[in-house]
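Here is the structure we will look at, set down as structure tokens.
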Amino acid sequence: MNYDLNRASDTGDRKQPFFASMRKMVSMISGERRKLNIAFAAIFLNAGLSLMGPYLVGYTIDNYVQAKDYHGLLVYSGILLAMYMAAFVVNYAQMRLMGGIGQRMLYTLRNSVFNKLQELPLEFFNQNKSGDLISRINNDTDKVNQFFSQSLMRFIGSLISMTGAGILLLVINPKLGLAALSPALIIWLFTKISSPWIRRKNEASLKSLGGLSAQIQESLANFKVVIAFNRRDYFRRRFEEANHDNYKKSIQAGIANTILTPVYTFASHVGQLIVLALGIWLIIQGHFTIGLLISFLAYITNFYNPLRQMAALWASFQQAMAAWDRISFLLSFENNLTQGDDPGGELSSSYIHFADVAFSYPNGKEVLHRVNFDLQRGKTYAFVGPTGGGKTTTASLIARLFDTSEGVILLDGRDIRSFTACERASKIGFILQDPLLFSGTIRDNILYGNPECAGLLDGQLEQALEDAHMADLLERFDMGLDTPIQMTGDGISLGQKQLVAFMRAILRKPELLILDEATANIDTVTEQHLEAILENLPSSTTKVIIAHRLNTIENADEIFFVNSGEIIAAGSFNEALDLLMHGNMES
Ligand SMILES: Nc1ncnc2c1ncn2[C@@H]1O[C@H](COP(=O)(O)OP(=O)(O)OP(=O)(O)O)[C@@H](O)[C@H]1O
Ligand SMILES: [Mg+2]
């Protein structure tokens, strides 16, 4: 399955229509409907209050200023002041409400993106760079939040003021009103034509920001290699390229985001000019009053100012939509490793059965080609073969980190796809070639993924380790179980990491234990100790050992050669050696 988030071919398809996007975005904050309603009411009130202002000013001028009625003037000034103060309070309340809603939306959105990442299969992470994913969780969600907490309400507020002002203009004098509003037509056309372009520019800018983030992540993750090979210049150059790309794309997005403003401003000036010229002409003709003209001019401002604001807000909206496209594309992915039906009945008496299994990585060549083999319960198997031969891939298929391209794998007589992830994980202990530890202590790491032992009190875990003959291994750590492990597992040696991974897997008492070069970095004395621990596992435990060192596989019941897409059973260690010496096997 293609999990590449940045694939270019179908970016067009994943753009969602305006209302569908809006509905989904709003559904993220469905729990806040009450607050949202209050905020909307506040906007209406605010717009209403500020719309009444100009009319009252015009009325006061025509009725009290020209008649020199100072008492009336004072009363109306007081009313106006009270109105403006009320508008201020309402405005403040609405800002606070929306700020909170926006932040909570950001929180929900980041959680959903992160939870989605937790659900997705390994294949997804093979195809996407973590830096780009981090950028989606951090930057893209924040763009959506900014729109919701800052722009949306101003946008709606502007829309209401604008509509109100437009209606009042038409009511006061329809002809003059129509003339004043005509430049808005140009604005509407221009916005409609330029919007898809603005959104595209913003999308490109966000994508390059993701690329930049991936670049930073990669060089930070590999800083040891960078320093050891003194290749800082290499990463610097790659970073500079990514940074420059982002700079260019951001400038373009910036231009796209501001291009509406001058057009809107120009239209507003034209509108004012029309009103002034026509209005004065009407006054000379005796069809209009000075007070009405002043009100009219104020409404023109009330119409075009929000419109101008909307130009900037529209850009913020396009930015949020571009970010939303990137997020929702990620959210639309489903784990393709779903649980299948269990047809019932035992299909094989072997513990593991590979039936005509073929496998290729996405966009890669075939690693396994129609492979058949069986593993019996309680036996020890060794998988050997050249580097890149497909050993880790085979082990990953047994643990269902990937699904086969063709053929079926049976685990305990059942299609491996019919187990839940939890069932599978409880049966299989997989010590990866490249063990990963979390920040915390050795204790946290040993208990990871082990619900049975998670509740063990102090001392009980030591006892459990003692019972499994693993207590001695703790001597390899300065502070025993409490030895701290830094982020990314730095600060302890690779051999120590392998020991932790080993204890973690053994303590879970799996039915099947897979060791992928799990002891390659451990000294021979300790390794013998580990072998003794493995010997002590319940006799029903099936073991799969992948190793290059011969002494590690000496005691295996059966050895498999993995190479060039084939897996060939070669019998016991001595038989395999014999085959190697005299047969036509390559290794
Ligand atoms: N995530 C991946 N995406 C694409 N191709 C991969 C991936 N992992 C491995 N491969 C390819 O699959 C082939 C088998 O790799 P695999 O890791 O199974 O080899 P291996 O036998 O475990 O080698 P080693 O002894 O070095 O651990 C290799 O050609 C490798 O390039
Ligand atoms: Mg490997």
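The values are calculated or read from the model by the stated rules, or taken from the named source; none is laboratory data. The model shown is predicted, which means the values in this text are computed figures rather than measured ones. Counting neighbours? That spans all protein chains shown, and the Cβs are built from the backbone with ideal geometry, glycine included. Areas reflect the complete protein model, heavy atoms only, side chains present, ligands, DNA and RNA absent. Shrake-Rupley method; radii C 1.70, N 1.55, O 1.52, S 1.80 Å.
Take the alpha-carbon centre of the stretch 180-209, take the same for the stretch 288-321, and report the distance between them in whole Å.
The distance from the Cα centre of the stretch 180-209 to that of the stretch 288-321 comes to 18 Å.
Net charge near residue 380: determine it from the other residues with C-beta under 11 Å of the C-beta of residue 380, scoring Lys and Arg +1 and Asp and Glu -1. Write out the running numbers ahead of the final one.
On the way: positive: 379, 543; negative: 531, 535, 554, 557, 558.
Within the 11 Å Cβ shell, the charges total -3.
Report Rg(Cα)/(2.2 N^0.38 Å) for the chain, keeping two decimals. It would help to have the intermediate numbers written out before the result.
Working: Rg = 35.0 Å, N = 587, 2.2 N^0.38 = 24.8 Å.
Taking the Cα Rg and dividing by 2.2 N^0.38 Å, one obtains 1.41.
Based on alpha-carbon atoms only, what is the radius of gyration of the stretch 19-331 relative to the globular estimate 2.2 N^0.38 Å? Before the final figure, lay out the partial values.
Values: Rg = 25.4 Å, N = 313, 2.2 N^0.38 = 19.5 Å.
Against the compact-globule rule of thumb, the ratio is 1.30.
Roll a 1.4 Å probe over the protein chains and send me the accessible area per residue for the chain in Å². Write out the running numbers ahead of the final one.
On the way: 29760 Å² over 587 residues.
Counting only protein heavy atoms, the per-residue value for the chain is 51 Å².
Using the per-residue mean of other Cβ atoms lying within 10 Å as a proxy for protection, in what order, highest first, do the peptides 440-453, 135-148, 59-72, 460-473 fall?
Numbers: 440-453: 17.8, 135-148: 20.9, 59-72: 14.1, 460-473: 15.7.
For the peptides 440-453, 135-148, 59-72, 460-473, the packing ranking is 135-148, 440-453, 460-473, 59-72.
Restricting things to Cα coordinates, could you compute the convex hull volume per residue of the stretch 461-501 in Å³? Present the calculation step by step, with values, prior to reporting the outcome.
Numbers: hull volume 3.0 nm³, N = 41.
Dividing the Cα hull volume of the stretch 461-501 by its residue count gives 74 Å³.
Where in the chain are the DSSP H helices whose C-alpha atoms run 18 Å or more along the long axis and whose mean Kyte hydropathy is at least 0.0? If you can, show how the numbers build up before the last one.
Working: long enough: 33-60 (40 Å, 0.72); 70-119 (73 Å, 0.45); 152-172 (30 Å, 1.98); 183-221 (55 Å, 0.15); 232-258 (38 Å, -1.54); 260-285 (37 Å, 1.50); 290-331 (59 Å, 0.78); 494-507 (20 Å, 0.90).
Sorted by number, the helices that extend far enough and score high enough are 33-60, 70-119, 152-172, 183-221, 260-285, 290-331, 494-507.
Suppose the Debye formula is applied to equal point scatterers at every Cα of the stretch 352-582; what is log10 I(q)/I(0) at q = 0.10, 0.12, 0.17 Å⁻¹?
Values, matching the q order: -0.47, -0.68, -1.29.
What does the C-alpha gyration tensor say about the overall shape of the stretch 127-227? Classify as rounded when a/c is under 1.5, otherwise prolate if a/b is larger than b/c, or oblate. Display every interim value, and only then the final one.
Values: a/c = 6.25, a/b = 3.21, b/c = 1.95.
Prolate shape, in that a/c is at least 1.5 and a/b is the bigger ratio.
What is the distance in Å between the Cα centroid of the stretch 446-473 and that of the stretch 38-69?
75 Å
Considering only DSSP beta bridges with both partners in the chain, what is the antiparallel share in %, to the nearest 5? Don't skip to the answer; put the middle values down first.
Details: 19 of 37 bridges.
Roughly 50 percent of the beta bridges in the chain run antiparallel, per DSSP.
Given the DSSP H assignment, sum -39500 (n - 2.57) over each helix run of at least 4 residues in the chain and divide by its residue total; what's the result at 222 nm in deg cm²/dmol, nearest 500? Don't skip to the end; give the middle numbers.
Values: 23 runs with 352 residues, N = 587.
So the calculated ellipticity at 222 nm is -19500 deg cm²/dmol.
Along the charge dipole of the chain, which of 388, 78, 64 sits closest to the positive end, that is, farthest toward it, with unit charges on the beta carbon of Lys, Arg, Asp and Glu (+1, +1, -1, -1)?
Checked the options; the winner is 64.
Which one, 153, 167, 285, is farthest towards the positive end of the dipole of the chain when Lys and Arg carry +1 and Asp and Glu -1 on their Cβ?
285
Mean shadow of the stretch 1-127, computed from the convex hull of its alpha carbons, in nm²? Mind showing how you got there, number by number?
Numbers: hull surface 47.9 nm².
One quarter of the hull surface, i.e. the mean projection, equals 12.0 nm².
Between the stretch 495-555 and the stretch 383-408, what is the C-alpha centre distance in whole Å?
Centre-to-centre (Cα) distance: 19 Å.
Can you send over the carbon and sulfur percentage of the accessible area for the chain, probe radius 1.4 Å, protein chains only?
Working: 17480 of 29760 Å².
Carbon and sulfur: 59 percent of the exposed surface of the chain.
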